[in-house]
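One structure below.
The values are calculated or read from the model by the stated rules, or taken from the named source; none is laboratory data. Given the structure is predicted, the values throughout are model-derived calculations rather than measurements. With ideal geometry, Cβ positions are generated from the backbone for all residues, glycine too; neighbour counts draw on all protein chains shown. Protein only, heavy atoms only, side chains kept; ligands, DNA and RNA dropped before computing areas. Shrake-Rupley method; radii C 1.70, N 1.55, O 1.52, S 1.80 Å.
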Amino acid sequence: MERHSLHAVLLSGPAGARRLAGPLAEALDGTGPAILPLDAGLPAPLLRRLLDAFRPDVVVGADGDATFRSDGRGAAADTAVIVGTSGSTGEPKGVELSAAALLNSARASLARVGARPGERWLCCLPVTHVAGLQVLVRSHVAGTEPAVTTYGMSETCGGCVYDGVPLDGVRVRAGDDGLLRISGPVLMNRYYGGADINEEFVTSDLGYVSNGRVTVRGRADDVINTGGHKVVPGEVAAALESCPAVREVVVVGRPDQEWGERVIAVVVPADPADPPSLELLRMHVRERLPRYASPSEVVLAEAIPVLPSGKPDLASLRKARTLREREHSPARSVN
């Protein structure tokens, strides 16, 4: 059987959908190699097992760097995408999907829901799984890009900003204090028993608006004051998420007598047997943010503890022991 090149593409976080869109389009129109989307956050032994099973010719890392494999065997000429299983209960299996099958499925889905030209799909599933991947294929057929982010709250009836652009009639601005302010027909009447909200709602989120697009930096009450500098935890976490050795991360502040607060990174390693060092994490932050935003200490966790709402349990994380503290007391994992 005739074969062509197969590229494994390692993807991490919401940015993975955007990274995969180009290679997927080329695989679908036949101008590029077949692709094998894989989660960069998988434990290293499992990731190696999948790569050894499917033997791609090239592995494109989460950082975009390509590594050529001498043992690559490519894919069948009629294969555009291989969706791999984890093989947790047996040998890894790869589902080979042709461009024709993917495109037929996408067109049928668009027709069934009555999607109009230009309408966008919400990509809320991992694109390493077929359900998330097919959202990208439908977006490709519709000539649009998938939505991956919304912003809003209970006070605005949920999402009122999609991919940075406010909904029709909604106005978002940043005040002199950096807090975002929202007005428009989606705004609440009042808090129960409180006064009416007649003009605009002042959020607790720091952000800015440029060329009509809203950027949310993070919550004001989460800001870390360290050595006279203000650090937004969400921005630090976003920088750390660029590190392939990091699967999940939350950044919190902890009181410090000298600096006021310390920047603490709570990290779930991609490979628990080979966790990232503090210096590696600091390097990733320094490449994107001022030096003072770099974490001073790291906490390694098996999982990020969450509240019933699904949000990180920041109070618990602020009490988690750092690597330095664990060296002087019995080990205890954060979970």
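Residue check, Ile304 against (1) in a loop (DSSP other than H, G, I, E, B); (2) modelled with pLDDT of 90 or more, all met but one. Which one?
Single failed check for Ile304: (2).
Tally the residues that are within 27 Å of Ala101 (Cα to Cα) and either loosely packed, with under 15 Cβ neighbours inside 10 Å or touching a Lys or Arg at 6+ places or on another chain (Cβ under 6 Å) (or both), restricting the search to segment 39-56.
3
Residue pairs, Cβ under 8 Å, 6 or more apart or interchain, first in segment 269-286 and within 14 Å of Pro45 (Cβ to Cβ), second open to solvent by 80 Å² or more (accessible area, probe 1.4 Å). List them.
Final answer for the pair search is Pro269/Arg247; Ala270/Arg247; Pro272/Glu302.
Does Leu36 satisfy the condition of being surrounded by 16 or more Cβ atoms within 10 Å (Cβ to Cβ) and in a helix (DSSP H, G or I)?
So Leu36 fails the test.
Identify the residue in segment 255-268 that is of a type in the set (Val, Ile, Thr) and surrounded by 21 or more Cβ atoms within 10 Å (Cβ to Cβ) and, among all such residues, is nearest to Leu46 (Cα to Cα).
Val267
Looking at segment 232-243 only, could you name the residues that are outside any helix (DSSP H, G or I), open to solvent by less than 60 Å² (accessible area, probe 1.4 Å) and in contact with a strand residue (DSSP E or B) (Cβ under 9 Å, 6 or more places away or on another chain)?
If the condition is that a residue be outside any helix (DSSP H, G or I), open to solvent by less than 60 Å² (accessible area, probe 1.4 Å) and in contact with a strand residue (DSSP E or B) (Cβ under 9 Å, 6 or more places away or on another chain), then Val232, Cys243 are the ones that fit.
Among the residues of segment 288-300, which ones are open to solvent by less than 10 Å² (accessible area, probe 1.4 Å) and either within 20 Å of Leu42 (Cα to Cα) or at pLDDT below 90 (or both)?
Val299 - this is the single residue of segment 288-300 that is open to solvent by less than 10 Å² (accessible area, probe 1.4 Å) and either within 20 Å of Leu42 (Cα to Cα) or at pLDDT below 90 (or both).
Of (1) over 22 Å from the mean Cα position of the chain (by Cα); (2) modelled with pLDDT of 85 or more; (3) surrounded by 12 or more Cβ atoms within 10 Å (Cβ to Cβ), Val285 satisfies all except one. Which?
Unmet for Val285, out of (1) over 22 Å from the mean Cα position of the chain (by Cα); (2) modelled with pLDDT of 85 or more; (3) surrounded by 12 or more Cβ atoms within 10 Å (Cβ to Cβ): (1).
Note down all Cβ pairs under 8 Å where the first residue falls in segment 194-222 and is among the β-branched types (Val, Ile, Thr), the second is open to solvent by less than 40 Å² (accessible area, probe 1.4 Å) and assigned to a loop (DSSP other than H, G, I, E, B), and they're at least six residues apart or on different chains.
Hits for this filter: Ile197/Leu187; Ile197/Met188; Val202/Gly175; Val214/Gly164; Thr215/Gly164.
How many residues does segment 62-82 hold that are modelled with pLDDT of 90 or more and either surrounded by 15 or more Cβ atoms within 10 Å (Cβ to Cβ) or hydrophobic (A, V, I, L, M, F, W, C) (or both)?
Residues meeting the conditions: 13.
Report, by residue number, each residue of segment 287-296 that is part of a helix (DSSP H, G or I), out of contact with any Ser or Thr (no Cβ under 7 Å at 6 or more places or on another chain) and in contact (Cβ under 8 Å) with a residue 24 or more places away in the chain.
Once the filter is applied, which keeps residues that are part of a helix (DSSP H, G or I), out of contact with any Ser or Thr (no Cβ under 7 Å at 6 or more places or on another chain) and in contact (Cβ under 8 Å) with a residue 24 or more places away in the chain, segment 287-296 yields only Ala293.
Filter segment 131-163 for residues that are in contact (Cβ under 8 Å) with a residue 60 or more places away in the chain and within 21 Å of Ser204 (Cβ to Cβ); which is surrounded by the fewest Cβ atoms within 10 Å (Cβ to Cβ)?
Within segment 131-163, the match that is surrounded by the fewest Cβ atoms within 10 Å (Cβ to Cβ) is Thr149.
Going through segment 205-218 one residue at a time, which ones are in contact with a helix residue (DSSP H, G or I) (Cβ under 8 Å, 6 or more places away or on another chain) and open to solvent by less than 50 Å² (accessible area, probe 1.4 Å)?
Within segment 205-218, Asp205, Leu206, Gly218 meet the criteria.
Would you be able to tell me the number of residues in segment 307-335 that are modelled with pLDDT under 60, under 22 Å from Asp271 (Cβ atoms) and among the small types (Gly, Ala, Ser)?
2
So which of Asn225, Asn189 ends up being over 14 Å from Tyr151 (Cβ atoms), in contact with an Asp or Glu (Cβ under 7 Å, 6 or more places away or on another chain) and open to solvent by 80 Å² or more (accessible area, probe 1.4 Å)?
Details: Asn225 fails: open to solvent by 80 Å² or more (accessible area, probe 1.4 Å).
Answer to the selection: Asn189.
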